[in-house]
Amino acid sequence: MSAFGMAEDEVRRPMNSVVDLEIIQQVAQKDLIALFQKCQGDKAIVWDRALANPMNLIATPKVLKEHGVVRMIQLDPGMALPHDIPETVLFICRPLVQLMPVVATCVRNEEKHRRRRKFHLIFIPRTSKLCEKYLEEQGVLPSLESIDDLPIFLFPLDKDVLTLELDSVFKEFHAEMDPTGMHHIARALVSLQKRFGTPSKVFGKGAAASYVFSLMQNLKQESGSFKPQISGVGMDYMILIDRQIDPLSPLVTQLTYEGLIDEFYGISNNQVKLPEEKFGETKTIFLSSGEELYAELRDKNFSAIGGILRSKTSKIQEKLRQKERGNMSVTEMKQLVQHLPAIQTLKQSLSTHTSIAELIKAKTETDEFLSSLECEQELLSGMGTEKINSHIENLCGKKAPLNTVLRLLLIQSITSGGLKANILQHYQRLIMQNYGFQHVLTLQRLYAMGLLRLQGGSRYTTLRRALNLTVCDVSEINPTDFAYVHSIYAPLSIRLIQHRLKPSLWANLKDSLLSLLPGPTVDEDTEIPVGLISGKRSTKFTVVVFIGGCTFAEISALRFLAQQDDEREFLVVTSKIINGNTFLKSLQEDILSVQS
Amino acid sequence: LFIKESYSSQSESKFAARLSSLVSAQEMYKKSKNEFMASVCEEQVKLLKYQQTLQQQYGKDFIDLSLRDTIKELLSMKELKLAEKLRSEFKVSEKMFWSIRLQTLGEHHEWPEVEKL
């Protein structure tokens, strides 16, 4: 494949042609609107902050407007409802007890002022007895006209990505032994199977993976009506990856276009806010594969982006120049006019992405970025993992962002298979002395979760060799291996999937590999009645579930695998899209909230 | 359990309560033979006490600054001696101390001072 701007002439294979995820969005939207119809007339929605964005993927503001929503308000502690809202008010929130006081206060406030209001409450994805109980105790339950739940578990991010928008299942399950998130995931997966068929094989690794697997079995038995079925789709594998088997990959800097945008600016539900310097104002941009250019750019290593943008731009200019010169035949003219709208859109997205690429380029050329990247790559290649890393030390001394320090520290801890006691203590002291004592709690948690470890058996070195995790000579522009997503490092999670799916590779590695990774293994063939197997299916369809989140780079790597294997399609289901910073943040969360 | 103990030290904003729960956290760590954590807690108690005195002396917020920021604050107030004292008290490495010093001077644009070093 030529990387130099020829793609518009190529036939690109669609990312996922097997299942139509739009149906998930449509069903969810229909359910939401059915609930709206219970209450007549104009209405205001009070959104739980965490739901407002993902719900955008289900029903756009335009659709909501069409169904009588005239105001949207965010549910915040200490808020009061504005005066000029319609009579009907809908609260839409997650079933979290800590949100209930806010709802209760709003309702009581309005009653105190004797305003006539009709309140409705909608829980996503399900009602909680605890919440209802709280509202009952507060005496506001009678004021609510209705309480409903809307079972939306999965939000389609793209044609091949579903997210559950659960921020901290990794911490909840592995540090706090709270399996609530696992139930959500299991339910979501069962509903997915009801729609798209049962996988013939399930493979999973890690404690959370086997937990979810057994929950799924229970749910299927409970419902009774669940019969293994093969839809036209034919899901051949469901792979459950517990983030715990590979905490390293999210910590490594992503070097794909999309990954870098996320690292620097944070993409949330396909939206990214960019600073004013390039656009004159803070600008929110929607990123999805619906945009042809972005679909092509997103998964590429950033070093390839400049070339593509340049050649595309010059090509367009050439076309437009031809038109101006006027030396075209009538048929050529006709063709051009037909293509004109498409060319205009392309021109627009070219200018947007050139600006974004310039922003990112500036950031990647700073000393801090480059030296940290260099440090990271040395550690990944197994260099100097034993001793105190002077770069990490210097970063502490300069009081660089704590996340940068922690990321490198954890990378060192994982790649060295645990740090020597005195080295670990040295780092801990450095962090406390520079950043403050309160971070001792974060460090303790990381230690308790095994992310920061004392020396003991170097698993990484063995894994690196067995799975070829670092590849030195991968081309960033015309890659032959998905290690390009981090320039030299291939995410362990994806390597594992790659090997599992190739019987020849798997047979050799199976035993040694599985014993190197923590947690139990699930490897089961579901019995499927022979009659249901409908001939030979040409595409194998694999659902990859990341429990505890996955990065954009990992998704890019999977897409790369799909490109190489004509017969395989992937669907990614993740609890959340993460990167090193958000991953660490989810681990510190409650400590920060204590501080504030 | 021990972590919880120090958690409570975080949530309580009152200085005295905080100090006492830190001390008990320290004892807990000692009992569980986690010497490193015990010594870390001990140091933090010492730092908090220092900060309390400094706060009274200068009428500036010192409590809850990290050790580094405390030293930096002192340096920018030109209290070199006090800063040196903290340095030796808490065994801050030579390298780190100088980097803090340089940074402070730089921020205050005292280039002649930098030359002198």
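Using every pair of distinct Cα positions in the range A:21-153, the Kirkwood expression returns a hydrodynamic radius of 14.9 angstrom. I'd like the mean, over residues of A:425-436, of how many other protein chain beta carbons sit within 10 Å of each residue's own Cβ. If you average over the peptide's residues, the count of other-chain Cβ atoms is 5. Ellipsoid fit via the Cα gyration tensor, the range A:368-456: semi-axes of 18, 17, 11 Å, each the root of five times an eigenvalue, largest first. Per-residue shielding of A:385-394, expressed as the average number of other chain Cβ atoms within 10 Å of the residue Cβ, stands at 1. What does the charge count around A:G519 come to, taking other residues whose C-beta lies under 14 Å from its C-beta (Lys +1, Arg +1, Asp -1, Glu -1)? Net charge around A:G519: 0. For the protein assembly as shown, the orientation-averaged shadow of the C-alpha convex hull comes to 39.6 nm² (one quarter of the hull surface). Can you tell me which aspartates and glutamates have their Cα less than 17 Å from the Cα of A:K398? Leave out same-chain residues fewer than eight positions away. Excluding near neighbours in sequence, the set is A:D367, A:E368, B:D69, B:E73, B:E94, B:E107. Shielding value for B:94-103 is 3, the average number of Cβ atoms from other chains within 10 Å of each residue's Cβ.
Shape call for the range A:257-365 from the C-alpha gyration tensor, a ≥ b ≥ c root eigenvalues: rounded (a/c under 1.5), prolate (a/b greater than b/c) or oblate? Prolate, since a/c reaches 1.5 and a/b exceeds b/c.
For the peptides A:411-422, A:547-558, A:313-324, A:510-521, the ranking by mean Cβ contacts within 10 Å, running from highest to lowest, is A:547-558, A:411-422, A:510-521, A:313-324. The residues packed around A:G384, meaning those with a beta-carbon under 14 Å from its beta-carbon, carry a net charge of -3 if Lys and Arg are +1 and Asp and Glu are -1. In terms of the mean number of neighbouring beta-carbon atoms within 10 Å, the peptides A:33-39, A:303-309 order highest first as A:303-309, A:33-39.
Here the range A:21-153 is assigned +1 on the Cβ of each Lys and Arg and -1 on the Cβ of each Asp and Glu. Its dipole about the Cα centre then comes out at about 200 debye.
What pairs from A:K315/A:K347; A:K273/A:K315; A:K201/A:K540; A:K361/A:K585 go past 20 Å between their alpha carbons? Over 20 Å apart, Cα to Cα: A:K273/A:K315; A:K361/A:K585. Can you tell me how the range A:53-120 classifies by the Cα gyration tensor, rounded, prolate or oblate, using a/c under 1.5 as the rounded cut? Oblate shape, in that a/c is at least 1.5 and b/c is the bigger or equal ratio. Mean residue ellipticity at 222 nm from the helices of the protein assembly as shown, using -39,500 (n - 2.57) per DSSP H segment of n ≥ 4 over the full residue count, to the nearest 500 deg cm²/dmol? That calculation yields -17000 deg cm²/dmol at 222 nm. Since only A:S475, A:L446, A:S128 are under comparison, the one whose Cα sits farthest along the positive direction of the charge dipole of the protein assembly as shown, derived from C-beta charges on Lys, Arg, Asp and Glu, is A:S128.
Each value in this text was obtained by applying a stated rule to the coordinates, not by laboratory testing. Since the structure is predicted, the reported quantities are computational estimates derived from the model, not experimental observations. Glycine also receives a Cβ, built like all others from the backbone with ideal geometry; neighbour counts cover every protein chain displayed.
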